[in-house]
Amino acid sequence: MLEGLVPWSVESVEAQRLEFCGLAVSDAGVSFAELCRRYGISRKTGYKWLGVYQVEGPDGLRDRRRVPKTSPTRTAGTVEALVCDLRRAHPAWGGRKIRRRLMDLGHSGVPAASTITDILRRNDLLAPAEPHAAGYTSFEADAANDLWQMDFKGWFQTATGRCDPFDILDDHSRFNLILRAGVDQRESTVVAALTDTFTTYGMPKRILCDNGPPWGNTQPGFRWTRLAVWLLDLGVTVTHSRPMHPQTLGKDERFHRTMDLEVIATRPVWDSHDQVQTAFDQWRVVYNHQRPHDALGGAVPADRYEPSQRSMPTRIEPADHPDGYHVRIVDAMARISFNGTRYKIGKPFAGRYVGVIPTTQDGIYTVAYRHQPIRTINLTQ
């Protein structure tokens, strides 16, 4: 297991301060001391940041040498310039996002989204319409940390080698918990990123991922990997998407398209992974705290996200097997013996105890590890 950096370790200090204060005022039920511990700062520093934030807002957390002196009471004659400036800073933003952002910044006399679109067209800043993905019914988790989605975006080439972006998204808020410019898709890389994310934000109830490695196994009937079992040991339910149905991870897929448009496609060639990571860190602040999200009614993900009250466990507790479970240990050949027959369970479970549970159907049993169903046994065949 690799020891990595916390998600904000390569971000600017300003981004760290902004995210900390946003979570501190969210009334999430996590103590202030615990939040400071997760961010690796003293309570004195935490109170200092929070005090500035409450008096001056996000601008007060910026490096004083670089604070732009803007006024929320600009005259109507400068609205067009403000619209154009925002569009140039965020070329993928349309009229609705620009309008919401200007309102969030406190500007008066902000025109309608259609008028902003006209301004963009008049200034030759309107790109051709982006094709929309095929529609599907959208699911949303009830609360923050009920469900996280994680995935690799798909690699692209830099001047120093292959870059494999990895991200985790909170389903309820669309808050991006981590965005790494990785160099591979190994299990150890994902474990390090997850450990850092759990340390900072706490634990989710469930994680949704696809069926490929390192979190899934394409072998029919044996989708579980060491990474997935590690998550089960930490008390996180693991759900795999349906094969050939990328829309199951629809929010993360949409996040990838947005990242492509607003970050990766902005340069013909990236010089290094460090350059990509710097761009990711800067954009992550924009995405979480500034970029209005249509699915959130124009709010930003940080408005809906709060850290989990459940911290990452310091030790793995033994599995609990309630009454009615037939407890079996998975042998070195990844099998269990039940009713005189050996059944393959999967290598990641070797040496662990599983429970065999009768279902409502005669002769049909579910094999579960820590209450997670992992296979079915059919005695009628």
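Bear in mind these aren't lab numbers, they're just calculated from the coordinates by the rules spelled out. Just so you know, these numbers come straight off a predicted model, no measurement behind them. Backbone-built Cβ (ideal geometry, glycine too); neighbour counts: all protein chains shown.
Brief remarks follow.
- Sorting 269-276, 282-289 by their mean Cβ neighbour count within 10 Å, with the most densely packed peptide first, gives 282-289, 269-276.
- Here the relative contact order of the stretch 76-122, from alpha carbon pairs under 8 Å that lie six or more residues apart, stands at 45 percent.
- Hydrodynamic analysis of the chain uses the Kirkwood radius over alpha carbon pairs. Inserted into Stokes-Einstein at 20 °C and 1.002 mPa s, it gives a translational diffusion coefficient of 92 µm²/s.
- Distant-in-sequence amide H partners of Leu177 (H built 1.01 Å from N, under 5 Å): Ile168, Leu169, Asp170
- ³J(HN,Hα), Karplus 6.51/-1.76/1.60, whole Hz, each residue of the stretch 158-174, x for Gly, Pro: 10, 5, 10, x, 6, 10, 10, x, 10, 9, 10, 10, 7, 5, 5, 9, 6
- Choice from Gln309, Gln16, Gln54 showing the highest fluctuation, given a GNM over the chain with Cα pairs closer than 10 Å: Gln54
- Put in order of Cβ neighbour count within 10 Å, fewest first, the listed residues Ile168, Ile316 become Ile316, Ile168.
- Between Arg174, Arg122, Arg335, the residue with the greatest mean-square fluctuation in the GNM of the chain (Cα pairs under 10 Å linked by springs) is Arg122.
- The stretch 148-304 shape via C-alpha gyration tensor axes, a/c threshold 1.5: oblate
- Karplus-based coupling profile of the stretch 286-301, in residue order and whole Hz: 4, 4, 6, 10, 10, 7, x, 10, 4, 5, 9, x, x, 6, 9, x, with θ = phi - 60° in 6.51 cos²θ - 1.76 cosθ + 1.60 and x standing for Gly or Pro.
- Considering only the chain, percent of DSSP beta bridges that pair antiparallel, nearest 5: 85
- Amide proton proximity set for Phe338, modelled H, under 5 Å, gap of 5+: Tyr343
- Long-range amide H partners of Arg352 with built H, under 5 Å: Val330
- Net charge, Glu187 excluded, C-beta distance under 14 Å - Lys, Arg +1, Asp, Glu -1: +1
- Global form of the stretch 76-122, assessed from the alpha-carbon gyration tensor, a/c cut-off 1.5: rounded
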